[in-house]
Each structure stands twice: as C-alpha cells, then as structure tokens.
Amino acid sequence: MKLTARLCAPDARRQGLLATWLPADAVPTSARFPVDTDDPVFARILAAADDEALAFQVSGETVFTPAELAGIGHFELVCRAIARESPADFSANDAVRARTPLVDAGGAAPIRLVSGLSLTRITLKPNMVASIGDWTQEYVLAAGVVKTFIDAHLSGASFLPLMKMNAKAHVARTDFVQLFSDAILRPAIVDASVERITSRLPEENGHLRHLGCLAYADSALQDRPDFNRTAEPWGGWHGWPSWVVSARVRDAFVAAKLRGWHFRPVLVAKTALYAEYVEKWSALRAAVADSRSKMDGGRW
C-alpha cells in the first residue's frame, strides 16, 4: 500500500517551490502534484510552504498492490460518467429530492433514498452506467448493464423507471432505468481518513467528510446483498448516501467490459491492511495539521 499526497499548486509561486524539491519527471501537467507521504521530501515541502501564500490544499490517494486488491471483498462506487440533466430535469429532480424524507440510519447525518428521477436526453452506450446529473449519487443504467446484473444473479438492486419530459408532461422511459437499493449498511468506522468540516457555510459546517476509503467491522459486511447504501450521506450534504457493492458486482462489471464506474476498496477493521492504512493516514493528517496547508477533497 502507498499513500500519495496530491498538492494543489495553482500558481507559479507554489509550482516553483515544488520544482525545487521534486525531480523534473515527477511534475505532472495538472495543478495537483503527487508526492509519496513516506518520502521525507513531503514533510520538507510542507515546512517550506511556511506562509499562507504558499500553503497547499492536500488530498490523499491510497494506492493498493494487486495482491492487496485481490483480497478486497467490497468496493465503493465512484462515478466515471455523467448523464447531464436539462434545466427542466434538474428542477424536477431537486423537487423529488426535497420531498423524499430523510432517514436516520444511525450515521452522523440522515440520508435520502431517492427514486422517480428524470433524464430527458440520454446518450449512453448499451454497456454504460452514469451518474444522474453531476450532484446526485444515483445512477442510470443502459440495457446491457441491467442484463449483466440480472444474469449474474446480483442481489439488493431494483431497476426503477426513469422519467422524461414529453410535451411538458412527465412520462416513464422504456429504454433506461434508475438503479435503486434500500439495503442500508451499519455506520462506517470514523478513523484518521475522516475529518469534521469547519466552514462558513451552514450546510457544510460540522459535517463529516471522508478523505479516503470506507471501513467497516467485519460483521457489518457479512450476509449483505451485493448492492448497499451507506448509513451516512458520503455522497453530499443533500443527504445522498454512497454505494457499497460486493466484489461480485465488480467482477461482473469488469468481465462484461462495462463502463462508467471505478471501484474504491472498502477496508475491514482488525486486519493488517487496515492497520497500515490508519497508520499512513494518521501520519498524513498530523503532518498537514502541523503546517500551513489544509486537507482538501473527499466526500461528505
């Protein structure tokens, strides 16, 4: 396992500072510079950014070896594609969200399990999934994806009608569906990769933000269906829960060459892999807290 810190350097001064510490072939074309948190140069960079004008926004990315990934039994879904909403779709979907009751599932904040969403124009290929808009944690599935999941006998998922605007009325689509599950996990472990947000925005302030991988007690993942929702709104402060799926979902998805999701490993407490994960994240959080820089990114 490796924990990579990505340092956001949007201006010439911070890019220049990084250039003095990093080899030329390590400088990416984007504004986020990767540094291994085990490399002593990481602490030196943070120390060199000793005023507010040089401070970095730091995000963390846990990179697992193939052997470590082979032992992972559950994954969090990460969106790789977005099905764009029309203005009318967004208004309708926001209204659906607002009237969907919040559910207290035992997490730090309640969640919403939303159905009846709208997408008027969809251009997905038969082997694709996509997020419904760029602000939800709900997914539209093409026909080939639904067939793959049914043929694999995956549990915990329902395939609900999507709506579309037709002559100023909402009608059900027959070509795409919304993925739905009301199977809710027990609360995730709050560890070193979770922080509490301090923000001037009331909708964010005090909420938990997940910076890394979800983790659970082993018993929380036993005898679960293949598709699950988290007890916390890791998908956003609107109450969107994230999705946790079994390795069977990932295997079926990859074998059928489906597209649209990345699979982030879910960790299990009291394992050597999780102990190493917590150790690395604790060191990263401590290093950033002892500097002018701040943690960035994550889900809440």
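Every number here is computed from the coordinates shown, using simple stated rules; none is lab data. Keep in mind the model is a prediction, meaning the values are calculated, not measured. Glycine also receives a Cβ, built like all others from the backbone with ideal geometry; neighbour counts cover every protein chain displayed.
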Could you derive backbone 3J(HN,Hα) for the range 74-88 from the dihedral phi with the Karplus parameters 6.51, -1.76 and 1.60 (θ = phi - 60°), listing whole Hz in sequence and x where the residue is Gly or Pro? 9, 9, 8, 6, 10, 6, 10, 9, 10, 8, 6, 8, 6, x, 5
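Once the piece of chain linking Ala183 and Asp51 is laid out straight, how much longer is it, given 0.36 nm per residue of separation minus the C-alpha distance between them?
Values: separation 132, 0.36 × 132 = 47.52 nm, distance 4.74 nm.
Net length gain for the segment: 42.8 nm.
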Of Glu203, Glu76, Glu85, the one that fluctuates the most in a GNM where the chain has Cα springs shorter than 10 Å: Glu203
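Suppose we flag trypsin sites (Lys or Arg not before Pro) only when DSSP calls them loop and at most 12 other Cβ atoms lie within 10 Å. Which is the longest uninterrupted stretch of the chain?
Values: sites that count: Arg121, Lys168, Arg200, Lys257, Lys270.
Formally, the longest exposed-site-free interval is 1-120.
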Candidates Leu17, Leu179, Leu267: whichever shows maximal mean-square fluctuation once the chain is modelled as a Gaussian network with Cα springs under 10 Å: Leu17
So who's got an amide H within less than 5 Å of the one on Met295, skipping anything under 5 residues away but keeping other chains? H placed 1.01 Å off N, in plane. Val58
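For the range 131-243, what does the equivalent ellipsoid look like in terms of its semi-axes, each the square root of 5 times an eigenvalue of the Cα gyration tensor, given largest first in whole Å? Kindly include the intermediate steps, with their values, before the conclusion.
On the way: eigenvalues 176, 96, 18 Å².
Sorted largest first and rounded, they come to 30, 22, 9 Å.
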Ratio of the range 162-299's C-alpha Rg to 2.2 N^0.38 Å, to two decimals? 1.29
Please list, in order, the residues from the range 52-95 whose amide nitrogen is less than 14 Å from a point placed 7 Å along the Cα→Cβ vector of Thr123. 82-86
Taking R0 as 22 Å, what FRET efficiency do you get between Ala19 and Val41 from their Cβ-Cβ distance, rounded to the nearest 0.05? 0.95
